[in-house]
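The values are calculated or read from the model by the stated rules, or taken from the named source; none is laboratory data. All figures in this text were calculated on a predicted structure; none of them were measured in a lab. When we count neighbours, we look across all protein chains shown, and the Cβ atoms used for this are built from the backbone with ideal geometry, even at glycine.
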Amino acid sequence: MPVQRDTTPTSEMIYPHPRSRPAAASHVRRCGTRLRGSPGAGSVFAVHRLTPLIALALLVACSQPPPAPGQPAGAPVPAASSVAPGPKDSPGVQADGEVVSAVQWFEGSFEEAQAAAKAAGKRLFVDVGAYWCPPCRKLDEEVFTQREVGEALGRDYVAVHIDAEKGEGPDFVTRYRVQAYPTLLVLEAGGLEQGRLVDAMAPAELLAALGEIARGGNVLAALEAAVQAGPDDLEARYRLGNAYALAARRAEAEAELGKVIASDPDNARGLASRAMADRAAFLVAKQDGDPERAIALYRELQQKFPTAKESLRAYRQIGRELHKLGRDDEAVASLEAMVTAEPGNVDLKSAFGWFSFRERCRPEAGLKAVDAGIALDPQNADLHYVRAELRHQLGDGAGALDSIREAAEIEPESAFYKRQVRRFTRLAAEQAALRPASGPAGKGGA
(Lines give C-alpha, C1' and ligand atoms only; values in the text may rest on other atoms or scores of the structure.)
Protein backbone atom coordinates (compact mmCIF):
# COMPACT_ATOMS: atom_id res chain seq x y z
CA MET A 1 0.00 0.00 0.00
CA PRO A 2 1.32 3.49 -0.73
CA VAL A 3 2.06 5.89 2.07
CA GLN A 4 1.27 9.58 1.69
CA ARG A 5 3.61 11.95 3.47
CA ASP A 6 3.19 15.65 3.98
CA THR A 7 6.72 16.36 5.38
CA THR A 8 5.39 19.16 7.56
CA PRO A 9 6.19 19.40 11.26
CA THR A 10 3.79 19.30 14.14
CA SER A 11 3.27 22.65 15.80
CA GLU A 12 5.74 21.95 18.58
CA MET A 13 8.56 21.19 16.14
CA ILE A 14 11.12 23.89 15.43
CA TYR A 15 12.18 22.19 12.19
CA PRO A 16 10.06 20.26 9.73
CA HIS A 17 10.04 16.51 9.61
CA PRO A 18 7.88 14.26 7.48
CA ARG A 19 4.31 13.97 8.71
CA SER A 20 1.74 12.07 6.76
CA ARG A 21 -1.87 11.92 5.94
CA PRO A 22 -2.23 8.18 5.49
CA ALA A 23 -3.57 6.70 2.31
CA ALA A 24 -6.29 4.13 2.83
CA ALA A 25 -5.20 1.11 4.89
CA SER A 26 -1.54 2.15 4.84
CA HIS A 27 1.17 2.71 7.39
CA VAL A 28 2.64 6.16 7.74
CA ARG A 29 6.29 7.01 7.64
CA ARG A 30 7.09 9.47 10.40
CA CYS A 31 10.60 10.84 10.48
CA GLY A 32 10.37 11.64 14.16
CA THR A 33 10.38 8.03 15.37
CA ARG A 34 11.50 7.81 18.99
CA LEU A 35 14.03 5.08 19.46
CA ARG A 36 14.33 3.11 22.63
CA GLY A 37 16.64 0.36 21.44
CA SER A 38 19.11 -0.94 23.99
CA PRO A 39 22.68 0.22 23.43
CA GLY A 40 25.66 -1.95 22.89
CA ALA A 41 24.65 -3.99 19.86
CA GLY A 42 27.66 -5.11 17.88
CA SER A 43 28.25 -3.74 14.42
CA VAL A 44 29.88 -5.29 11.40
CA PHE A 45 30.91 -2.50 9.08
CA ALA A 46 30.50 -4.33 5.79
CA VAL A 47 30.30 -1.21 3.65
CA HIS A 48 28.73 -1.78 0.28
CA ARG A 49 28.57 1.67 -1.25
CA LEU A 50 30.68 4.35 0.36
CA THR A 51 31.01 7.24 -2.05
CA PRO A 52 34.11 9.46 -1.97
CA LEU A 53 33.82 13.08 -0.90
CA ILE A 54 32.45 14.57 -4.07
CA ALA A 55 32.34 17.88 -2.23
CA LEU A 56 33.47 18.19 1.36
CA ALA A 57 30.92 20.93 1.99
CA LEU A 58 28.04 18.59 1.13
CA LEU A 59 29.34 15.63 3.08
CA VAL A 60 30.19 17.69 6.13
CA ALA A 61 26.79 19.34 5.90
CA CYS A 62 25.18 15.93 5.69
CA SER A 63 27.49 14.21 8.10
CA GLN A 64 27.71 16.06 11.38
CA PRO A 65 24.58 16.14 13.55
CA PRO A 66 24.60 19.49 15.41
CA PRO A 67 23.75 20.07 19.05
CA ALA A 68 20.33 21.39 18.03
CA PRO A 69 17.94 19.57 15.69
CA GLY A 70 17.61 20.34 12.02
CA GLN A 71 20.53 21.51 9.87
CA PRO A 72 19.74 22.41 6.28
CA ALA A 73 22.48 21.74 3.79
CA GLY A 74 23.86 24.50 1.66
CA ALA A 75 23.00 22.84 -1.64
CA PRO A 76 20.11 23.69 -3.95
CA VAL A 77 16.96 21.71 -3.27
CA PRO A 78 16.25 19.12 -5.97
CA ALA A 79 13.17 20.08 -7.93
CA ALA A 80 10.27 17.69 -7.88
CA SER A 81 9.79 18.04 -11.63
CA SER A 82 11.99 14.97 -12.14
CA VAL A 83 9.31 12.89 -10.43
CA ALA A 84 6.07 12.45 -12.33
CA PRO A 85 3.15 12.87 -9.93
CA GLY A 86 0.53 10.17 -10.30
CA PRO A 87 -3.05 10.00 -9.14
CA LYS A 88 -3.66 10.95 -5.52
CA ASP A 89 -2.53 8.21 -3.16
CA SER A 90 -0.36 6.51 -5.79
CA PRO A 91 3.37 6.45 -4.98
CA GLY A 92 5.18 9.62 -6.02
CA VAL A 93 5.36 13.34 -5.40
CA GLN A 94 1.88 14.85 -5.44
CA ALA A 95 0.95 18.17 -6.99
CA ASP A 96 0.85 19.83 -3.55
CA GLY A 97 4.36 18.61 -2.67
CA GLU A 98 3.29 15.71 -0.48
CA VAL A 99 5.18 12.45 -0.90
CA VAL A 100 3.40 9.13 -1.16
CA SER A 101 5.90 6.38 -0.33
CA ALA A 102 5.75 2.89 -1.77
CA VAL A 103 7.58 1.62 1.33
CA GLN A 104 5.69 0.36 4.36
CA TRP A 105 7.57 2.22 7.10
CA PHE A 106 7.27 0.69 10.54
CA GLU A 107 5.36 2.66 13.16
CA GLY A 108 6.80 2.43 16.65
CA SER A 109 10.05 2.27 18.56
CA PHE A 110 13.24 0.62 17.36
CA GLU A 111 12.80 -2.14 19.93
CA GLU A 112 9.33 -2.80 18.57
CA ALA A 113 10.71 -2.90 15.04
CA GLN A 114 13.30 -5.43 16.17
CA ALA A 115 10.58 -7.58 17.70
CA ALA A 116 8.53 -7.38 14.51
CA ALA A 117 11.53 -8.37 12.41
CA LYS A 118 12.29 -11.31 14.67
CA ALA A 119 8.69 -12.53 14.58
CA ALA A 120 8.58 -12.26 10.76
CA GLY A 121 12.01 -13.80 10.22
CA LYS A 122 13.20 -10.63 8.47
CA ARG A 123 16.07 -8.20 8.74
CA LEU A 124 15.80 -4.48 9.47
CA PHE A 125 16.31 -1.82 6.83
CA VAL A 126 17.04 1.47 8.61
CA ASP A 127 17.10 4.78 6.74
CA VAL A 128 18.97 7.39 8.80
CA GLY A 129 18.66 10.95 7.58
CA ALA A 130 17.51 14.52 8.11
CA TYR A 131 14.89 16.60 6.31
CA TRP A 132 17.37 19.24 5.14
CA CYS A 133 19.75 16.77 3.45
CA PRO A 134 19.33 16.91 -0.37
CA PRO A 135 20.30 13.24 -0.97
CA CYS A 136 17.80 12.21 1.73
CA ARG A 137 15.04 14.09 -0.07
CA LYS A 138 16.14 12.45 -3.32
CA LEU A 139 15.62 9.05 -1.73
CA ASP A 140 12.19 10.08 -0.42
CA GLU A 141 10.98 11.60 -3.68
CA GLU A 142 12.64 9.43 -6.33
CA VAL A 143 13.58 6.06 -4.80
CA PHE A 144 11.24 5.12 -1.96
CA THR A 145 8.31 6.08 -4.19
CA GLN A 146 9.13 3.27 -6.65
CA ARG A 147 6.92 0.19 -6.41
CA GLU A 148 9.78 -2.25 -6.99
CA VAL A 149 11.65 -0.74 -4.04
CA GLY A 150 8.59 -0.91 -1.81
CA GLU A 151 7.93 -4.50 -2.80
CA ALA A 152 11.53 -5.61 -2.18
CA LEU A 153 11.76 -3.92 1.20
CA GLY A 154 8.35 -5.24 2.24
CA ARG A 155 9.27 -8.77 1.26
CA ASP A 156 12.64 -9.02 2.99
CA TYR A 157 12.80 -6.32 5.66
CA VAL A 158 11.05 -4.38 8.35
CA ALA A 159 11.73 -0.82 7.13
CA VAL A 160 12.35 1.90 9.72
CA HIS A 161 13.12 5.59 9.24
CA ILE A 162 15.27 7.35 11.83
CA ASP A 163 15.30 11.13 12.03
CA ALA A 164 18.87 11.57 13.22
CA GLU A 165 18.17 14.82 14.99
CA LYS A 166 14.94 14.25 16.88
CA GLY A 167 13.75 12.08 19.73
CA GLU A 168 16.31 9.40 20.49
CA GLY A 169 17.66 9.53 16.94
CA PRO A 170 20.97 11.08 18.09
CA ASP A 171 21.51 8.07 20.37
CA PHE A 172 20.97 5.76 17.42
CA VAL A 173 23.48 7.77 15.35
CA THR A 174 26.05 7.40 18.13
CA ARG A 175 25.33 3.72 18.64
CA TYR A 176 25.85 2.86 14.98
CA ARG A 177 28.51 5.50 14.33
CA VAL A 178 26.63 7.12 11.48
CA GLN A 179 29.05 9.44 9.69
CA ALA A 180 26.95 10.90 6.88
CA TYR A 181 23.36 11.31 5.73
CA PRO A 182 21.69 9.40 4.30
CA THR A 183 23.03 6.16 5.75
CA LEU A 184 21.06 3.00 5.04
CA LEU A 185 21.73 0.19 7.50
CA VAL A 186 20.92 -3.49 7.12
CA LEU A 187 20.66 -5.09 10.55
CA GLU A 188 19.85 -8.49 11.89
CA ALA A 189 16.71 -8.49 14.04
CA GLY A 190 18.94 -8.47 17.12
CA GLY A 191 20.62 -5.24 16.00
CA LEU A 192 23.89 -6.61 14.57
CA GLU A 193 24.94 -4.68 11.48
CA GLN A 194 25.30 -6.63 8.24
CA GLY A 195 25.99 -3.73 5.91
CA ARG A 196 25.54 -0.05 5.20
CA LEU A 197 25.09 2.19 2.20
CA VAL A 198 25.97 5.87 2.21
CA ASP A 199 24.44 8.49 -0.12
CA ALA A 200 21.47 8.41 -2.44
CA MET A 201 21.35 6.04 -5.38
CA ALA A 202 18.99 4.99 -8.14
CA PRO A 203 16.39 2.32 -7.37
CA ALA A 204 18.22 -0.36 -9.38
CA GLU A 205 21.49 0.48 -7.58
CA LEU A 206 19.81 0.25 -4.19
CA LEU A 207 18.25 -3.13 -4.92
CA ALA A 208 21.52 -4.48 -6.35
CA ALA A 209 23.46 -3.29 -3.31
CA LEU A 210 20.93 -4.84 -0.93
CA GLY A 211 21.25 -8.08 -2.87
CA GLU A 212 25.01 -7.98 -2.47
CA ILE A 213 24.67 -7.42 1.26
CA ALA A 214 22.33 -10.39 1.46
CA ARG A 215 24.98 -12.50 -0.31
CA GLY A 216 27.67 -11.34 2.10
CA GLY A 217 29.50 -9.06 -0.33
CA ASN A 218 31.79 -6.30 0.87
CA VAL A 219 32.82 -3.24 -1.09
CA LEU A 220 35.50 -2.40 1.47
CA ALA A 221 37.19 -5.66 0.54
CA ALA A 222 37.14 -4.57 -3.11
CA LEU A 223 38.71 -1.21 -2.23
CA GLU A 224 41.36 -2.97 -0.16
CA ALA A 225 42.09 -5.31 -3.05
CA ALA A 226 42.47 -2.35 -5.41
CA VAL A 227 45.08 -0.78 -3.13
CA GLN A 228 46.92 -4.07 -2.77
CA ALA A 229 46.97 -4.48 -6.54
CA GLY A 230 48.19 -0.91 -7.10
CA PRO A 231 49.95 0.36 -3.97
CA ASP A 232 51.11 3.49 -5.83
CA ASP A 233 47.57 4.40 -6.90
CA LEU A 234 47.08 7.35 -4.57
CA GLU A 235 43.51 8.00 -5.67
CA ALA A 236 42.55 4.41 -4.81
CA ARG A 237 44.24 4.75 -1.45
CA TYR A 238 42.35 7.96 -0.73
CA ARG A 239 39.05 6.28 -1.64
CA LEU A 240 39.87 3.47 0.78
CA GLY A 241 40.79 5.89 3.58
CA ASN A 242 37.62 7.90 2.98
CA ALA A 243 35.54 4.71 3.04
CA TYR A 244 37.14 3.62 6.30
CA ALA A 245 36.37 7.06 7.77
CA LEU A 246 32.71 6.90 6.74
CA ALA A 247 32.50 3.39 8.19
CA ALA A 248 33.93 4.67 11.50
CA ARG A 249 36.95 2.37 11.24
CA ARG A 250 39.23 4.95 12.74
CA ALA A 251 42.60 3.19 12.91
CA GLU A 252 42.46 2.01 9.30
CA ALA A 253 41.28 5.43 8.11
CA GLU A 254 44.10 7.19 9.98
CA ALA A 255 46.69 4.88 8.43
CA GLU A 256 45.48 5.25 4.85
CA LEU A 257 44.83 9.00 5.02
CA GLY A 258 48.26 9.47 6.58
CA LYS A 259 49.87 7.66 3.65
CA VAL A 260 47.99 9.89 1.21
CA ILE A 261 49.17 13.04 2.99
CA ALA A 262 52.77 11.82 3.03
CA SER A 263 52.69 10.81 -0.64
CA ASP A 264 51.28 14.13 -1.89
CA PRO A 265 53.48 16.55 0.09
CA ASP A 266 52.84 19.57 -2.15
CA ASN A 267 49.18 18.73 -2.74
CA ALA A 268 49.99 18.51 -6.43
CA ARG A 269 47.19 15.97 -6.91
CA GLY A 270 44.79 17.70 -4.54
CA LEU A 271 44.59 14.59 -2.39
CA ALA A 272 46.60 15.65 0.64
CA SER A 273 44.22 18.54 1.38
CA ARG A 274 41.23 16.22 1.04
CA ALA A 275 42.81 13.66 3.34
CA MET A 276 43.67 16.34 5.92
CA ALA A 277 40.11 17.65 5.83
CA ASP A 278 38.70 14.12 6.22
CA ARG A 279 40.97 13.43 9.16
CA ALA A 280 39.90 16.61 10.95
CA ALA A 281 36.18 16.18 10.23
CA PHE A 282 35.47 12.47 10.44
CA LEU A 283 38.16 11.16 12.75
CA VAL A 284 38.90 13.94 15.23
CA ALA A 285 35.75 16.11 15.28
CA LYS A 286 33.20 13.33 14.95
CA GLN A 287 34.71 10.12 16.26
CA ASP A 288 37.07 11.55 18.87
CA GLY A 289 34.81 14.45 19.80
CA ASP A 290 37.85 16.71 20.23
CA PRO A 291 37.03 20.24 19.00
CA GLU A 292 40.35 21.77 20.03
CA ARG A 293 42.36 19.16 18.13
CA ALA A 294 40.06 19.44 15.11
CA ILE A 295 40.55 23.22 15.02
CA ALA A 296 44.32 22.73 15.15
CA LEU A 297 44.19 20.28 12.23
CA TYR A 298 42.01 22.59 10.14
CA ARG A 299 44.41 25.47 10.78
CA GLU A 300 47.34 23.24 9.88
CA LEU A 301 45.57 22.50 6.59
CA GLN A 302 45.06 26.22 5.94
CA GLN A 303 48.67 27.00 6.72
CA LYS A 304 50.10 24.18 4.62
CA PHE A 305 47.82 24.52 1.59
CA PRO A 306 46.30 28.02 1.75
CA THR A 307 44.94 27.95 -1.82
CA ALA A 308 43.23 24.56 -1.57
CA LYS A 309 39.44 24.64 -1.67
CA GLU A 310 39.38 22.57 1.51
CA SER A 311 41.22 25.39 3.30
CA LEU A 312 38.46 27.84 2.42
CA ARG A 313 35.79 25.43 3.61
CA ALA A 314 37.75 24.87 6.79
CA TYR A 315 36.67 28.29 8.07
CA ARG A 316 33.15 26.97 8.45
CA GLN A 317 34.31 23.79 10.19
CA ILE A 318 36.49 25.82 12.55
CA GLY A 319 33.44 27.93 13.31
CA ARG A 320 31.42 24.82 14.13
CA GLU A 321 34.06 23.50 16.52
CA LEU A 322 34.44 26.91 18.19
CA HIS A 323 30.67 27.02 18.67
CA LYS A 324 30.82 23.62 20.39
CA LEU A 325 33.31 25.18 22.79
CA GLY A 326 30.99 28.12 23.49
CA ARG A 327 33.29 30.59 21.72
CA ASP A 328 30.67 32.14 19.47
CA ASP A 329 32.48 35.46 18.87
CA GLU A 330 35.41 33.52 17.43
CA ALA A 331 33.07 31.24 15.49
CA VAL A 332 31.39 34.18 13.76
CA ALA A 333 34.80 35.74 13.09
CA SER A 334 35.87 32.55 11.32
CA LEU A 335 32.79 32.63 9.08
CA GLU A 336 33.34 36.32 8.37
CA ALA A 337 36.92 35.53 7.34
CA MET A 338 35.58 32.89 4.95
CA VAL A 339 33.20 35.37 3.29
CA THR A 340 35.85 38.09 3.14
CA ALA A 341 38.25 35.75 1.33
CA GLU A 342 35.95 35.76 -1.74
CA PRO A 343 33.52 38.69 -1.47
CA GLY A 344 31.70 37.81 -4.68
CA ASN A 345 31.17 34.15 -3.81
CA VAL A 346 27.46 33.72 -3.11
CA ASP A 347 27.93 30.11 -2.01
CA LEU A 348 30.10 31.24 0.90
CA LYS A 349 27.44 33.69 2.03
CA SER A 350 24.92 30.87 1.84
CA ALA A 351 27.26 28.66 3.88
CA PHE A 352 27.42 31.37 6.57
CA GLY A 353 23.63 31.45 6.71
CA TRP A 354 23.31 27.67 6.98
CA PHE A 355 25.93 27.64 9.71
CA SER A 356 24.04 30.21 11.77
CA PHE A 357 20.75 28.39 11.33
CA ARG A 358 22.01 24.86 11.86
CA GLU A 359 24.16 25.68 14.84
CA ARG A 360 21.81 28.33 16.25
CA CYS A 361 24.78 30.62 16.43
CA ARG A 362 24.19 34.35 15.95
CA PRO A 363 21.34 34.16 13.41
CA GLU A 364 21.50 37.93 12.93
CA ALA A 365 25.08 37.56 11.58
CA GLY A 366 24.05 34.75 9.26
CA LEU A 367 21.07 36.76 8.04
CA LYS A 368 23.35 39.69 7.19
CA ALA A 369 25.50 37.40 5.04
CA VAL A 370 22.45 35.88 3.34
CA ASP A 371 21.00 39.32 2.60
CA ALA A 372 24.31 40.22 0.95
CA GLY A 373 24.13 37.04 -1.11
CA ILE A 374 20.58 37.80 -2.26
CA ALA A 375 21.70 41.26 -3.35
CA LEU A 376 24.22 39.54 -5.65
CA ASP A 377 21.91 36.72 -6.78
CA PRO A 378 18.24 37.58 -6.17
CA GLN A 379 17.03 34.46 -8.02
CA ASN A 380 18.83 32.03 -5.70
CA ALA A 381 15.96 30.10 -4.09
CA ASP A 382 18.25 28.44 -1.57
CA LEU A 383 19.24 31.82 -0.15
CA HIS A 384 15.61 32.86 0.22
CA TYR A 385 14.90 29.60 2.04
CA VAL A 386 17.70 30.01 4.58
CA ARG A 387 16.63 33.64 5.01
CA ALA A 388 13.20 32.28 5.98
CA GLU A 389 14.71 29.95 8.57
CA LEU A 390 16.86 32.69 10.07
CA ARG A 391 13.99 35.18 10.18
CA HIS A 392 11.92 32.57 11.97
CA GLN A 393 14.69 32.04 14.53
CA LEU A 394 14.76 35.79 15.08
CA GLY A 395 11.01 35.89 15.72
CA ASP A 396 9.99 37.47 12.41
CA GLY A 397 7.25 35.08 11.34
CA ALA A 398 5.81 37.35 8.67
CA GLY A 399 9.24 37.99 7.16
CA ALA A 400 9.97 34.26 7.17
CA LEU A 401 6.76 33.58 5.28
CA ASP A 402 7.61 36.26 2.71
CA SER A 403 11.03 34.68 2.18
CA ILE A 404 9.81 31.13 1.68
CA ARG A 405 7.19 32.38 -0.77
CA GLU A 406 10.02 34.02 -2.72
CA ALA A 407 11.84 30.67 -2.85
CA ALA A 408 8.71 28.88 -4.02
CA GLU A 409 8.09 31.47 -6.74
CA ILE A 410 11.63 31.01 -8.04
CA GLU A 411 11.32 27.20 -8.07
CA PRO A 412 7.58 26.58 -8.41
CA GLU A 413 8.04 22.84 -9.11
CA SER A 414 9.95 22.16 -5.89
CA ALA A 415 7.94 19.80 -3.70
CA PHE A 416 10.12 20.77 -0.75
CA TYR A 417 9.34 24.46 -1.04
CA LYS A 418 5.63 23.74 -1.40
CA ARG A 419 5.76 21.91 1.92
CA GLN A 420 7.76 24.71 3.52
CA VAL A 421 5.24 27.36 2.43
CA ARG A 422 2.57 25.44 4.35
CA ARG A 423 4.89 25.08 7.32
CA PHE A 424 5.85 28.75 7.52
CA THR A 425 2.22 29.81 7.01
CA ARG A 426 1.29 27.83 10.10
CA LEU A 427 4.30 29.01 12.09
CA ALA A 428 3.58 32.65 11.26
CA ALA A 429 -0.03 32.24 12.41
CA GLU A 430 1.08 30.57 15.63
CA GLN A 431 3.66 33.25 16.28
CA ALA A 432 1.11 36.01 15.65
CA ALA A 433 -1.38 34.34 17.99
CA LEU A 434 1.19 34.17 20.78
CA ARG A 435 2.49 37.70 20.42
CA PRO A 436 -0.32 39.62 22.19
CA ALA A 437 0.13 37.46 25.30
CA SER A 438 3.88 37.14 25.45
CA GLY A 439 5.29 39.79 23.17
CA PRO A 440 7.64 39.23 20.19
CA ALA A 441 9.48 35.92 20.09
CA GLY A 442 13.09 35.99 21.10
CA LYS A 443 16.09 35.14 19.00
CA GLY A 444 15.74 31.47 19.70
CA GLY A 445 12.64 31.23 17.50
CA ALA A 446 9.51 29.26 18.20
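Checked against the criterion of being in contact with a His (Cβ under 6 Å, 6 or more places away or on another chain), assigned to a helix (DSSP H, G or I) and not assigned by TED's automatic domain parsing to the domain that holds THR425, segment 311-321 has no qualifying residue.
Give me the pairs, please: first residue somewhere in segment 274-292 and among the β-branched types (Val, Ile, Thr), second residue anywhere and in a loop (DSSP other than H, G, I, E, B), beta-carbon distance under 6 Å, and either six or more positions apart or on two chains. Filtered contacts from segment 274-292: VAL284/ASP290. Being in a helix (DSSP H, G or I), among the hydroxyl-bearing types (Ser, Thr, Tyr) and more than 27 Å from LYS138 (Cβ to Cβ) holds for only one residue in THR425, THR340, and it is THR340. When restricted to residues that are farther than 17 Å from LEU192 by Cα and without any contact (Cβ under 8 Å) to a residue 60 or more places away in the chain, segment 151-170 contains 5.
The residue list ARG196, ARG137 contains one member that is over 24 Å from GLN287 (Cβ atoms), of a type outside the set (S, T, N, Q), buried (at least 19 other Cβ atoms within 10 Å of the Cβ) and within 22 Å of the chain's Cα centre (by Cα), which is ARG137.
When the test is whether a residue is more than 17 Å from the chain's Cα centre (by Cα), under 26 Å from ARG249 (Cα atoms) and not β-branched (Val, Ile, Thr), GLY169 does not pass it. Scanning segment 212-248 for residues that are part of a loop (DSSP other than H, G, I, E, B), touching a residue at least 40 places away in the same chain (Cβ under 8 Å), under 20 Å from LEU271 (Cα atoms) and not small (Gly, Ala, Ser) yields a count of 0.
For residues that are small (Gly, Ala, Ser) and touching a strand residue (DSSP E or B) at 6+ places or on another chain (Cβ under 6 Å), scanning just segment 93-141, find the one that is nearest to SER414 (Cα to Cα). Working first, answer last.
Of segment 93-141, the ones small (Gly, Ala, Ser) are 95, 97, 101-102, 108-109, 113, 115-117, 119-121, 129-130.
Checking which are touching a strand residue (DSSP E or B) at 6+ places or on another chain (Cβ under 6 Å) leaves us with 101, 113, 116-117.
Working: SER101: 17, ALA113: 33, ALA116: 36, ALA117: 36 Å.
Across segment 93-141, the extreme among qualifying residues is SER101.
The condition (being buried (at least 22 other Cβ atoms within 10 Å of the Cβ) and closer than 28 Å to VAL93 by Cα) is satisfied by just one residue among GLY129, GLY154, GLY167: GLY129.
The set of residues in segment 125-170 that are of a type in the set (Lys, Arg) and closer than 25 Å to VAL386 by Cβ comprises ARG137, LYS138, LYS166. Within segment 285-296, the presence of a residue that is in contact with a strand residue (DSSP E or B) (Cβ under 7 Å, 6 or more places away or on another chain) and closer than 30 Å to GLU193 by Cα is excluded. Might you let me know whether segment 102-113 holds any residue that is free of Cβ contacts under 8 Å to residues at least 12 places away in the same chain and over 20 Å from the mean Cα position of the chain (by Cα)? Checked against the condition, which is being free of Cβ contacts under 8 Å to residues at least 12 places away in the same chain and over 20 Å from the mean Cα position of the chain (by Cα), segment 102-113 yields at least one hit.
One residue is enough: does segment 291-307 have a residue meeting the conditions basic (Lys, Arg) and within 27 Å of VAL186 (Cα to Cα)? Before you say what the answer is, go through the steps one by one.
Kept after step one, since they are basic (Lys, Arg), are these residues of segment 291-307: 293, 299, 304.
After this cut, where a residue has to be within 27 Å of VAL186 (Cα to Cα) as well, the list is none.
No.
Scanning segment 394-406 turns up no residue that is more than 21 Å from ASP377 (Cβ to Cβ) and basic (Lys, Arg). Scanning for something in contact (Cβ under 8 Å) with a residue 12 or more places away in the chain and within 18 Å of ARG249 (Cα to Cα), does segment 130-140 turn up at least one residue? Within segment 130-140, not a single residue is in contact (Cβ under 8 Å) with a residue 12 or more places away in the chain and within 18 Å of ARG249 (Cα to Cα).
For GLU148, the criteria (1) touching a residue at least 60 places away in the same chain (Cβ under 8 Å); (2) farther than 23 Å from ALA115 by Cβ; (3) part of a helix (DSSP H, G or I) hold in every case but one, which is (1).
Scanning segment 281-309 for residues that are within 20 Å of the chain's Cα centre (by Cα) and buried (at least 18 other Cβ atoms within 10 Å of the Cβ) yields ALA281, PHE282, LEU283, VAL284, ALA285, LYS286. Among the criteria (1) more than 21 Å from MET201 (Cα to Cα); (2) more than 12 Å from the chain's Cα centre (by Cα); (3) part of a loop (DSSP other than H, G, I, E, B), the one THR174 does not fulfil is (3).
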